[in-house]
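Have a look at the structure below, then the notes.
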Amino acid sequence: MKRLIVIGLAILGLSTPLAAAPLQDGASAYAHGDYVTALKLLLPLAEQGDAYAQANLGLMYAKGQGVAQDFAQAASWYRKAAEQGNAFAQGSLGLLYATGQGVAKDDTQAADWYRKAAEQGDVAAQANLASLLAKPGAAQNLGEAATWFRKAAERGNVAAEANLGLLYLKGQGVAQDLAQAADWFRKAAEHGDLAAEINLAQLAAKGQGGGQDAAQAAIWFRKAAEQGNAYAESTLGLLYANGKGVQQDFAQAAHWYRKAAEQGDLAAQGNLAALYATGKGIGQDFAQAAVWYRKAADQGDAAAATNLAYLYAKGQGVPQDFGKAAAWYRKAAQLGVVAAQSNLAVLYAKGQGVSQDFAQAAQWYRKAAEQGDVAAQSNLGLLYTEGKGVSRDPAEAAKWYGKAAKQGDMAAQSNLGLLYATGQGVKQDDAEAAQWYRKAAEQGEVAAQANLAQMYLHGKGVARDPAQAAIWFRKAAEQRDLAAESNLGQIYANGEGVKQDYAQAAQWYRQAAERGNRFAESSLGLFYAKGEGVKQDYTQAADWYRKAAEQGDSFAQTNLGFFYANGQGAPQDYVQAYKWFTVAASYSTNSEYRDNATKNRDIMADRMTPEQIKQAQRLAAEWRPVKAP
């Protein structure tokens, strides 16, 4: 905040005249606040042409002291005294012309009368003339303004000191000189000038005019804040929050933010809300955070609108309301807040608070993505991958994934790796796929960990390394990736990259099997049948084979057929055995499994009646695979 140069500085009072007794008595009465006596004594003298008495009457009319306030009368008496060369009256008449009180506003007349008084050494007139010359317009003369500000400032006029500092700061009428600006601001600030305190604080904070000094900045901001200036209060709060120039103290930050916020300062309202949201310096209180964010948002603060929308989306401090979240995000998004654009797109993609609309989602994602928002770039890539809201375009997807991936977004890195692995939108390149999978995997992205493990297992894009495959499968499995759990079980079962360990294999197969992975169910069934890694248990084997068989696993279907045929783990049942052999023979894509199932079905037929065969065939025809739970 910089001080504005204004017209209308305080005018100095009249000095006591060295004159006859009535004039002295009138001046004394005025000085003691006895305006009735002063008027009685001074009016006759003024009517006789005494300039001092005339000037004093002008002042009394201007202030309404002993008479009704009347600027026209004030102007009349001032003029009489001014025309006799009274400097005070000249300066005062200039002020009336500058403000249009008692006379028509006329800057030229104001300047003429100010100049007459200023040339006689009247400090207030010098300062007011400088202010008028600094004012934008045809009469502006910044060089002359600086001259008169200096004359007044050198005689201790506080406003002139502050305004001369401002001219040096801006290089207006004088060569820019931040050190001189700081010196004059300091003189005014030491006299309590609010704007000078703030300007001096800003120079200290920026290291201009005498070296960066955060502690000095804090001192001057405090002085201005203690005068109730909202900007200074808000800035002092920020210094406490960041520990600049003062010891970091969030309680003090909250104290000063509150003072400024209650005066309507937008930044302070937003910052106070943030402290309530995080519980720094004050008890965490999302309801209070919402109150202050709303005050700032209602004044058009886009960041506050974004944060208020977030609270509505999360139901923190306010009832969860996606409609209100969308409304506030939209306000901020239309003002260009990137996070709001991205979050509004998410609401459109999910149909939360708005009708689901992938085209709108794509539109807002694009706005944020073009400004570099990494989440928006990644999500826009996903829309192009899936063809939602935009035409499916793997090349465009790769473009946006690439932008986000280079910024470190692990989802984008993983998805870009998949495009390279499959050759969609980019030239197929296993090495490039492995590179992007690794970047995402190292950040903990589970799909990338599982895919990188597969590449190590099969030697795609990297040298084949079952030990590395095991490491990455484990990382993914520990995040409960279903396929990784099953694959890690297989790694332990086969002893690839790890020491063969059926107990470990059974453990990982079980975790995957309990969540419906059919390969794990089938493998666990085999372990129970053989007693590998678990105690042999044909009933358990049959149960796990059945789960896998119902999902269409032909290995499990064939083995379940054997169990029914032999009465192992389940009651002997030729119909069920024939059914599962038939299903395996009909649906298996593995020729070995298919031939084996066909052979065993025919063996079963020799043991069955025509009615049993017919029933088994009907059951097989009716069978359909079930989906994993």
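Observations on the model:
- Residues located in the stretch 186-217, provided they are more than 35 Å from the chain's Cα centre (by Cα), over 25 Å from GLN247 (Cβ atoms) and buried (at least 17 other Cβ atoms within 10 Å of the Cβ): LYS187, ALA188, ASP193
- Annotation note: of GLY300, GLY323, GLY270, GLY315, the sole residue that is closer than 15 Å to TYR257 by Cα and not hydrophobic (A, V, I, L, M, F, W, C) is GLY270.
- Of all the numbered requirements in (1) assigned to a helix (DSSP H, G or I); (2) under 59 Å from the mean Cα position of the chain (by Cα); (3) surrounded by fewer than 24 Cβ atoms within 10 Å (Cβ to Cβ), ALA565 misses one, and that requirement is (2).
- Check on VAL575, open to solvent by 10 Å² or more (accessible area, probe 1.4 Å), in contact (Cβ under 8 Å) with a residue 12 or more places away in the chain and part of a loop (DSSP other than H, G, I, E, B): no
- Which numbered condition THR582 fails, given (1) surrounded by fewer than 20 Cβ atoms within 10 Å (Cβ to Cβ); (2) of a type in the set (Val, Ile, Thr); (3) part of a helix (DSSP H, G or I): (1)
- Among the candidates ALA260, ALA273, ALA251, the residue that is within 19 Å of the chain's Cα centre (by Cα) and open to solvent by less than 60 Å² (accessible area, probe 1.4 Å) is uniquely ALA273.
- Residue, least open to solvent (accessible area, probe 1.4 Å), within the stretch 77-104, restricted to residues that are over 56 Å from the mean Cα position of the chain (by Cα) and without any contact (Cβ under 8 Å) to a residue 24 or more places away in the chain: ARG79
- Lone unmet requirement of (1) open to solvent by less than 50 Å² (accessible area, probe 1.4 Å); (2) touching a residue at least 24 places away in the same chain (Cβ under 8 Å) for LYS388: (1)
- One residue alone among ALA448, ALA441 is of a type in the set (Gly, Ala, Ser), part of a helix (DSSP H, G or I) and over 16 Å from SER378 (Cα atoms), and that residue is ALA441.
- Breaking point among (1) at pLDDT 95 or above; (2) over 26 Å from GLN500 (Cα atoms); (3) in contact with a Ser or Thr (Cβ under 8 Å, 6 or more places away or on another chain); (4) crowded, with 20+ Cβ neighbours inside 10 Å, for GLN617: (4)
- Residue in the stretch 416-436 that is buried (at least 24 other Cβ atoms within 10 Å of the Cβ), of a type outside the set (A, V, I, L, M, F, W, C) and not in a helix (DSSP H, G or I) present: no
- Taken together, the residues in the stretch 234-248 that are open to solvent by 80 Å² or more (accessible area, probe 1.4 Å) and either in contact with a Gly (Cβ under 8 Å, 6 or more places away or on another chain) or assigned to a helix (DSSP H, G or I) (or both) amount to 1.
- Residue pairs meeting the criteria (Cβ under 7 Å; at least 6 apart or on separate chains; first within 9 Å of SER522 (Cα to Cα) and touching a residue at least 24 places away in the same chain (Cβ under 8 Å), in the stretch 539-566; second open to solvent by 10 Å² or more (accessible area, probe 1.4 Å) and in a loop (DSSP other than H, G, I, E, B)): ALA541/GLY569
- Against the list (1) assigned to a helix (DSSP H, G or I); (2) farther than 24 Å from LEU23 by Cα, the condition GLN54 fails is (2).
- When restricted to residues that are touching a Phe, Trp or Tyr at 6+ places or on another chain (Cβ under 7 Å) and either of a type in the set (A, V, I, L, M) or open to solvent by 70 Å² or more (accessible area, probe 1.4 Å) (or both), the stretch 25-55 contains 3.
For (1) part of a helix (DSSP H, G or I); (2) of a type in the set (Ser, Thr, Tyr), each residue gets a yes or a no:
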position: ALA72; (1), (2): yes, no
position: TYR78; (1), (2): yes, yes
position: GLY91; (1), (2): yes, no
position: GLY94; (1), (2): yes, no
position: ALA98; (1), (2): yes, no
position: GLY121; (1), (2): no, no
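The values are calculated or read from the model by the stated rules, or taken from the named source; none is laboratory data. Values in this document were obtained by computation on a predicted structure and should not be read as measured data. Counting neighbours? That spans all protein chains shown, and the Cβs are built from the backbone with ideal geometry, glycine included. Keep in mind that these areas ignore ligands, DNA and RNA; they rest on the heavy atoms of the full protein, side chains included. Shrake-Rupley method; radii C 1.70, N 1.55, O 1.52, S 1.80 Å.
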